[in-house]
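Shown next, in structure tokens, is the structure this report addresses.
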Amino acid sequence: MASPVPLYTLCRLCHYYGGKKVVDIDEFNIPSGSITGLSGPNGSGKTTFLKLLAFAIAPSQGEIRFNGRREYPMSARVRSRVTLMTQAPYLLKRSVLENVVYGLKIRKDTKKLKQRAERALAAVGLDFDGFHNRAWHQLSGGEAQRVALAARLILEPQALLLDEPVASVDAESARLILKASLAARDKWGCTLIIVSHDLAWLNACSDTRLSMEKGRIFSTHEEIILPPPYQTVQTGSTVNWILPLSNGRQVCLPDKTGETALIPADKINIAREVETQFNGKNRIPVLVTRMALEPKTGRIEVDLNADAFGLTLLLSKEQAGALNLQPGKKRILVFRTRDVFWR
Amino acid sequence: MPITSVAETVLTFLVEGFFKAIELLISGDISTWSAVSATLNASTGSMLVSLLTGLPCGFVLGYFDFRFKRPIRTILDTLLALPTVCVGLIVYAFISSKGPLGDMGLLFTLTGIAIGQTILAFPVVTAITAAIIENIDPALKLTLVSLGAGKKDIILTCLWEVRFGILAAAVTAYGRVLTEVGISMIVGGNIKYHTRTMTTAIALETNKGLFADGIALGIVLMAIAFTVNLSLSFLRKK
């Protein structure tokens, strides 16, 4: 059961690199024991966000509360409770065993190191006898990734932050990483925050799905991002904001009042063809690229490609059936300009 | 003199020197072994001190950003080419009877030589360590922080991760210390059985016209350098 105090509470959090704002979060909570999946385009601030949550860097502005208490990088309280696995994890120039038990050794927690390392390696599908003596350079990419995960799981952290854990591994390694991560939540209530471009993998493991765009966080299935660049067009004396698409098409947007244009998912309709009776101003051709059953809700997750942007909608089986959706089919996305809002 | 005759003469010196070197070592020649001992004592002492001080300084210089870091690096890089006779002169000025440290009685002692050699080796160890630390994979620090390492753990683990580079720094510094003449000659005074090192002995033998003896001592010096490097290479494999 989730703790009443969120594990993370972020307040007016901003981070800058060379004057450019890369993370901009007004308020955000991450419940204890949850699994949060985060996706977004390259450069949207996901990795910086994870580093902030790992207390590896200090935010330029704002505060991060951990277990209700404001914390800072290198604080002894968070150092032993939060761990981050980067996209290309660095293995120390030592044996696999030494890598796995490093975190325990610096905590001076040296009881039954071998047995614990054996369990951690087994959790990620690596045989202790076959691997513990291997040097860091004698591992494949997937094995190195799993050793890095074992080195974090052995610490039984309260928060495990994974940055693209399956980006460069094969399907079997991805399955084992997912299994080990889920087991961490089930065994000691570990809170997982996972960044990945593999949306199917992310959907399979996340309780909450978030998207990041220009350093801001959005709820993936509730709000659809209409990503920049935006342009203005002059019609007579009025200036209108648009999102240009290919073939001269465009999405009409309301007057700009924020950084990113969004539309609530429930305000979007999918039509088989352009329906003249519908008064919506925006009609965008889309291609169905993927459909998958979301096991937790039984709904169908439909990925649509609208050329300038992609979006994922959750539909009921009946809705998907009525629209005869199949990967490869072309449909029309319809929504009103007035339903679009800025944040 | 025809070129072939010159080549023959040089070859003769080398061959004679080689056999002489073996003879000096096997026969237990006191002056040779005394020079070997003086060389090893002074260089080992200076290397220990320069490593103990140079490694932390190099780490600080390579790891942290602070004011005047660049000028310090530039000065340190310049000191890499510090002439040994200059170091000898400066140390002499300090430890001679009229110098501020004259009362300590360090002139014409192995300790005096070791002080000069430390000044010579310190910039080498510090500059190379700083360069190695600067080029450390940024993912290493993030990994250590994410595994819960504190500041002390980060420093020690970073140094251990770049141990092969640091070993190279130590070997380079040791090479500089082992082969210098200026400091040993000026500060040590080349006193037989006391402060005569391998290099000052070679200079002396050559001045006396005993080329074969000079070459023999040179070969012994190279053998010492080779043994040290071989040991470090073995450590590296371990």
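The values are calculated or read from the model by the stated rules, or taken from the named source; none is laboratory data. Since the structure is predicted, the reported quantities are computational estimates derived from the model, not experimental observations. FYI the Cβ positions are ideal-geometry reconstructions off the backbone, even for glycines, and counts take in every protein chain you see.
From the list B:Ser31, B:Ser97, exactly one residue is hydroxyl-bearing (Ser, Thr, Tyr), farther than 30 Å from B:Lys151 by Cα and not in a loop (DSSP other than H, G, I, E, B). Which is it?
The match here is B:Ser31.
Sort through B:Ile136, B:Ile90 and tell me the only one that's hydrophobic (A, V, I, L, M, F, W, C) and assigned to a helix (DSSP H, G or I). So that I can check it myself, show each step before the final result.
On the way: B:Ile136 fails: assigned to a helix (DSSP H, G or I).
After applying the criteria, what remains is B:Ile90.
The set of residues from segment A:42-82 being more than 10 Å from every other protein chain (Cβ to nearest Cβ), part of a loop (DSSP other than H, G, I, E, B) and within 30 Å of B:Trp160 (Cβ to Cβ) comprises A:Ala58, A:Glu71, A:Tyr72, A:Ser75.
So, A:Ser39, is that one in contact (Cβ under 8 Å) with a residue 60 or more places away in the chain and more than 13 Å from every other protein chain (Cβ to nearest Cβ) or not? Break it down into steps so the answer makes sense when it comes.
Details: in contact (Cβ under 8 Å) with a residue 60 or more places away in the chain: yes; more than 13 Å from every other protein chain (Cβ to nearest Cβ): yes.
Against the criterion (in contact (Cβ under 8 Å) with a residue 60 or more places away in the chain and more than 13 Å from every other protein chain (Cβ to nearest Cβ)), A:Ser39 qualifies.
Scanning segment A:221-241 for residues that are over 17 Å from A:Pro41 (Cβ atoms), surrounded by 15 or more Cβ atoms within 10 Å (Cβ to Cβ) and within 30 Å of the chain's Cα centre (by Cα) gives A:His221, A:Trp241. Scanning segment A:52-104 for residues that are in contact (Cβ under 8 Å) with a residue 24 or more places away in the chain, touching a Gly at 6+ places or on another chain (Cβ under 8 Å) and among the small types (Gly, Ala, Ser) yields A:Ser80, A:Gly103.
Does A:Thr47 qualify as being among the β-branched types (Val, Ile, Thr), closer than 30 Å to A:Gly130 by Cα and touching a residue at least 60 places away in the same chain (Cβ under 8 Å)? Here the answer is no, as A:Thr47 does not meet what is asked. Of all residues in segment A:314-330, which are within 27 Å of the chain's Cα centre (by Cα) and either surrounded by 16 or more Cβ atoms within 10 Å (Cβ to Cβ) or on the phi > 0 side of the Ramachandran plot (or both)? A:Leu314, A:Leu315, A:Ala320, A:Leu325, A:Gly328, listed by residue number.
Here's the yes/no breakdown for (1) over 12 Å from B:Ala121 (Cβ atoms); (2) of a type outside the set (A, V, I, L, M, F, W, C); (3) touching a Lys or Arg at 6+ places or on another chain (Cβ under 7 Å):
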site	(1), (2), (3)
B:Ala35	yes, no, yes
B:Leu51	no, no, no
B:Leu55	no, no, no
B:Leu61	yes, no, yes
B:Phe66	yes, no, no
B:Val85	yes, no, no
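For segment A:299-313, a tally of residues being surrounded by fewer than 19 Cβ atoms within 10 Å (Cβ to Cβ) and in a strand (DSSP E or B) returns 3. Is it true that some residue in segment B:170-188 is basic (Lys, Arg) and within 18 Å of B:Gly58 (Cβ to Cβ)? Yes: one or more hits.
Residues in segment A:124-177 that are without any contact (Cβ under 8 Å) to a residue 24 or more places away in the chain and within 19 Å of A:Asn203 (Cβ to Cβ): A:Ala171, A:Arg175.
Only residues that are within 9 Å of chain B (Cβ to nearest Cβ), closer than 22 Å to A:Gly141 by Cβ and not in a loop (DSSP other than H, G, I, E, B) were counted across segment A:83-116, and they come to 5. Residues in segment A:117-155 that are within 12 Å of chain B (Cβ to nearest Cβ) and assigned to a loop (DSSP other than H, G, I, E, B): A:Ile154, A:Leu155. Residues of segment A:10-36 being closer than 16 Å to A:Val195 by Cα and out of contact with any Phe, Trp or Tyr (no Cβ under 9 Å at 6 or more places or on another chain), which ones? The answer is A:Ser34, A:Ile35, A:Thr36. Taking segment A:175-270 and the strands (runs of 3 or more DSSP E) fully enclosed by it, the elements with 1 or more residues that are charged (D, E, K, R) are at A:208-213, A:216-219, A:223-226. When residues in segment B:191-206 are screened for being surrounded by fewer than 19 Cβ atoms within 10 Å (Cβ to Cβ) and at pLDDT 90 or above, 6 of them pass.
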